[in-house]
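Chemist: What follows is a single structure, and I will ask about it in a moment.
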Amino acid sequence: MFKWLEKNLPKIVMAPAVGLIGWFVYGFVLWTLYISFTNSKILPKYELWGVGQYIKLWGSRKWLIAVDNLLIFTALFLIFCVVIGIILAIFLDQKIRAEGVLRTIYLYPMALSFIVTGTAWKWILNPTLGIQKMFIDWGFENFTFDWLVNREMAIYTIVIAGVWQSAGFVMALFLAGLRSVEDEIVKAAKIDGANLFTVYWKILLPMMRPVFFTSFVILVHISIKSYDLIVALTQGGPGISTTMPALYMTQTAFHKSQVGLSAASAMMMFMAVAAVIIPYLYSELRRENAR
Amino acid sequence: MQDKIHSSYKQLEQKSKYTNLFLRWFLYFVLVVFAFYFIFPLYVMVVTSLKTMEEIRQGTLLTWPSGLNFDSWLVAWGGRGYGAGDTFLKPYFWNSIKMVVPAVFFSTFIGAMAGYVLTKWRFKGDKWVFLFLLFGCFIPYQAILLPMARTLGVLGISNSVIGLVLVHTVYGIPFTTLFFRNFYVSIPSELVKAARIDGAGFFKIFFKILLPVSTPIIVVTIIWQFTQIWNDFLFGSTFSFGEAAPIQVALNNMVLSSTSVKEYNVDMASAIIAGIPTLIVYVLAGKYFIRGLTSGAVKG
């Protein structure tokens, strides 16, 4: 008995982690998947109902708006975060004075919660006392900036706040990537007559492909899951104009008591994330095995 | 060869001194402009929290406050003292502390053990076990919210701090395991093998050999978990809405409550209070914070 215990101790120690994740991650996802095939309303029902919830979901105007918003948000969020992140990383990489201070400033938003970020930006963007008033008081009398309460534009306020929060993170990833490149490569290229722009555009950025890939995966992942920022900034409004899938899921489950339908929306989100993550994990694993 | 590159590089540097000078000014200009963009919201939050509502209506976002007036901070923290409808952060701040400390401890401990086994007591299929755990970093939590809500209900710990401790411990394990596993991989296994030959057991090896060198990764993990759990809103708002709510939920409720006139100064003071613990950690231990971000690079 004691011998057996000693021999299997590592596995016994490992068991809580595996058990908890097996139950609370895999078990729960399967439960959600099952429920998405039932006609559950307030309480879960367990007789199968087919793909009715998915048909209902893709016929719902609100869900389609949510998916539309997600695509717009993801595209803009990705582009701005990556462009700003790369510019900052390259510029910081030029033996800048006070680099530490600047880096700290660019990255501190990552330490804040999306609720804090949303609260701050909501105040800054509010038309009565925020930026709009600032410009009017400065003498631009016809200046209007009402995106926060404008159905067409509200989604872009979420982009502004989201980019503000996450661009520094991309900067940190690229800076780490650039710093890992041998100095000699850059110097040799310069002697061959390449200017700084060419060095980065033709040599260094192509070398950063894994960093691009990582940033892409993480940013898409953040955007599919974005929930807090929308709650704090717009609550999905005005109307339902800034609804996103994560918000749709919780509202459908906990306010509208449509458990089956919300499970279906959760599974759509799950599949979207899996489509991005599984290739990523696969390539990471291959890279590690190759080492 | 290296020397040759070096000396011809020096010549090149001399030649392009003037273009360089212009370039450097441009560089600093862009960097400073972005610094303003990133600092701007924090600046606005701080000055707004120090103004009276009268000052807010008269001035602009950027106007400097007339004095150091901490009234709205006191209101945000302790309320106005009139019973019902008086929302303030103090009790929820403590809820968050009570939630964060045990959740960080348990998830870090479990992750350390898992990382130790996965690297130093390898068994058949351990790679798959790691992948199995790692996938937990990425799942959108919406896919587990419904069964989790029911489970907490069945266990009788929904709407309580204990329930949130359980949730955060569980969903922290994939991250903590990842951190410790990646750290222990880099520690030579020969030490462990030698100790095993000398007859040292599982726990003795962990406490005598690995734990003493683990300080950096423990710091990284604690900071990561602390930031994640402190900043969480999804779990907090779904599983705990009343008295047991954590601070982010309370902050959101406070800002959204539309009783009487909107008090932006109190809102901003509340937001700062909710953000200050993680900001302090970031400023004091930024190096470890960034290490967590980039090595764990799987944030959600």
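Laboratory data are not the source of any read-out in this text; all were calculated from the coordinates shown. Remember, it's a predicted structure, so these values are computed and weren't measured experimentally. When we count neighbours, we look across all protein chains shown, and the Cβ atoms used for this are built from the backbone with ideal geometry, even at glycine.
Chemist: Two decimals is fine: what's Rg over Rh for region A:67-132, C-alpha atoms, Kirkwood radius as Rh?
Modeler: Dividing the radius of gyration by the Kirkwood radius yields 1.07.
Chemist: Expected output is a single nm value to one decimal: the length gained when fully extending between residue B:284 and residue B:90, i.e. 0.36 nm times separation in residues minus the C-alpha distance. What is it?
Modeler: Extra length available between residue B:284 and residue B:90 comes to 67.5 nm.
Chemist: Run down the aspartates and glutamates and flag those whose C-alpha is under 16 Å from the C-alpha of residue A:95, throwing out any fewer than 8 positions away in its chain.
Modeler: Residue A:95 reaches A:182, A:183, A:184, B:13.
Chemist: In addition: Among the complete DSSP H segments of chain B, which ones combine at least 18 Å of alpha-carbon extent along their axis with a mean Kyte-Doolittle hydropathy of -1.0 or more?
Modeler: In chain B, the long hydrophobic H runs are B:17-49, B:90-120, B:142-155, B:161-185, B:215-231, B:264-284.
Chemist: Check residue A:38: other-chain or 5+ apart residues with amide H under 5 Å from its amide H, H built from backbone geometry?
Modeler: Distant-sequence amide H within range of residue A:38: A:49.
Chemist: Could you please tell me the mean projected area of the C-alpha convex hull for region A:1-66, averaged over all directions and given in square nanometres to one decimal?
Modeler: Averaged projected hull area, Cα only: 7.4 nm².
Chemist: May I pose another question? Could you give the radius of gyration (one decimal) and Dmax (whole number) of the Cα atoms in the protein assembly as shown, in Å?
Modeler: Expressed in Å, the Cα Rg and Dmax of the protein assembly as shown come to 25.8, 85.
Chemist: Taking the Cβ of residue B:141 as the centre, find all other residues whose Cβ is under 10 Å away and add up their charges (Lys, Arg: +1; Asp, Glu: -1). If you can, show how the numbers build up before the last one.
Modeler: Details: positive: A:225; negative: B:232.
Counting the neighbours of residue B:141, the net charge comes to 0.
Chemist: Can you find, among A:13, B:58, A:272, the residue farthest towards the positive end of the dipole of the protein assembly as shown? Put +1 on the C-beta of Lys and Arg, -1 on that of Asp and Glu.
Modeler: So the residue we want is A:13.
Chemist: Related question: Using the Cα centre as the reference, give the magnitude of the dipole from point charges on the C-beta atoms of region A:24-97 (Lys, Arg: +1; Asp, Glu: -1; all else neutral), rounded to the nearest 20 debye.
Modeler: The calculation lands at about 180 debye.
Chemist: If R0 is 22 Å, what FRET efficiency do you get for residue A:72 and residue A:143 from their C-beta distance, rounded to 0.05?
Modeler: 0.30
Chemist: Could you pull out every whole DSSP H run in chain A that spans at least 15 Å of Cα extent along its own axis and averages -0.5 or higher on the Kyte-Doolittle scale? Each step should come with its number before you reach the end.
Modeler: Values: long enough: A:2-21 (28 Å, 0.69); A:61-92 (45 Å, 2.26); A:114-125 (16 Å, 1.18); A:154-179 (38 Å, 1.58); A:209-225 (24 Å, 1.34); A:259-290 (45 Å, 0.92).
Going by DSSP H runs, the hits are A:2-21, A:61-92, A:114-125, A:154-179, A:209-225, A:259-290.
Chemist: If you take all C-alpha pairs in region A:197-287, what percent of them are over 21 Å apart?
Modeler: 50 percent
Chemist: Let me ask another. Please report the base-10 log of the normalised intensity I(q)/I(0) for chain B, using a Debye sum with one equal scatterer per alpha carbon and no solvent, at each q in 0.12, 0.14, 0.16 (1/Å).
Modeler: Log10 I(q)/I(0), no solvent term: -0.95, -1.09, -1.24.
Chemist: Taking region A:84-221 on its own, what percent of its Cα-Cα pair distances exceed 27 Å?
Modeler: 40 percent
Chemist: Given the alpha-carbon gyration tensor of region B:147-221, what are the semi-axes of its equivalent ellipsoid in whole angstrom, ordered largest first, with each equal to the square root of 5 times an eigenvalue?
Modeler: Taking √(5λ) for each Cα gyration eigenvalue gives 36, 14, 10 Å.
Chemist: What FRET efficiency do you get for residue B:62 and residue A:289 if R0 is 60 Å and r is their Cβ-Cβ distance, rounded to the nearest 0.05? Kindly include the intermediate steps, with their values, before the conclusion.
Modeler: On the way: r = 54 Å, r/R0 = 0.91.
It comes to 0.65.
Chemist: Something else about it: Among B:226, B:139, B:197, whose Cα projects farthest towards the positive end of the dipole of chain B, with charges put on the beta-carbon of Lys, Arg (+1) and Asp, Glu (-1)?
Modeler: B:197
Chemist: With the radius of gyration and the Kirkwood radius both derived from the Cα set of chain A, what is their ratio Rg to Rh? Don't skip to the answer; put the middle values down first.
Modeler: Details: Rg = 24.0 Å, Rh = 22.5 Å.
In chain A, Rg relative to Rh is 1.06.
Chemist: Now for a separate question. What pairs from A:7/B:208; A:225/B:262; B:124/B:193; A:122/B:51; A:187/B:287; A:225/B:127 go past 22 Å between their alpha carbons?
Modeler: Among A:7/B:208; A:225/B:262; B:124/B:193; A:122/B:51; A:187/B:287; A:225/B:127, the Cα-Cα distance tops 22 Å for A:225/B:262; A:187/B:287; A:225/B:127.
Chemist: Here's something else I'd like to know. With +1 assigned to the C-beta of every Lys and Arg and -1 to the C-beta of every Asp and Glu, and no other charges, what is the dipole magnitude of the protein assembly as shown about the Cα centre in debye, to the nearest 20?
Modeler: 1640 debye
Chemist: Just want the answer: with Cβ charges of +1 for Lys and Arg and -1 for Asp and Glu, which residue in A:208, A:194, A:48 is farthest toward the dipole's positive end in chain A?
Modeler: Of the candidates, A:48 comes out farthest on the positive side.
Chemist: Could you state the orientation-averaged shadow area of the convex hull built on the Cα atoms of region B:63-149, in nm² to one decimal?
Modeler: Working: hull surface 46.3 nm².
The number I arrive at for region B:63-149 is 11.6 nm².
Chemist: Also: Give, rounded to the nearest 20 debye, the magnitude of the charge dipole that region B:90-296 has about its Cα centre when Lys and Arg contribute +1 at Cβ and Asp and Glu contribute -1 at Cβ.
Modeler: Its charge dipole is roughly 760 debye.
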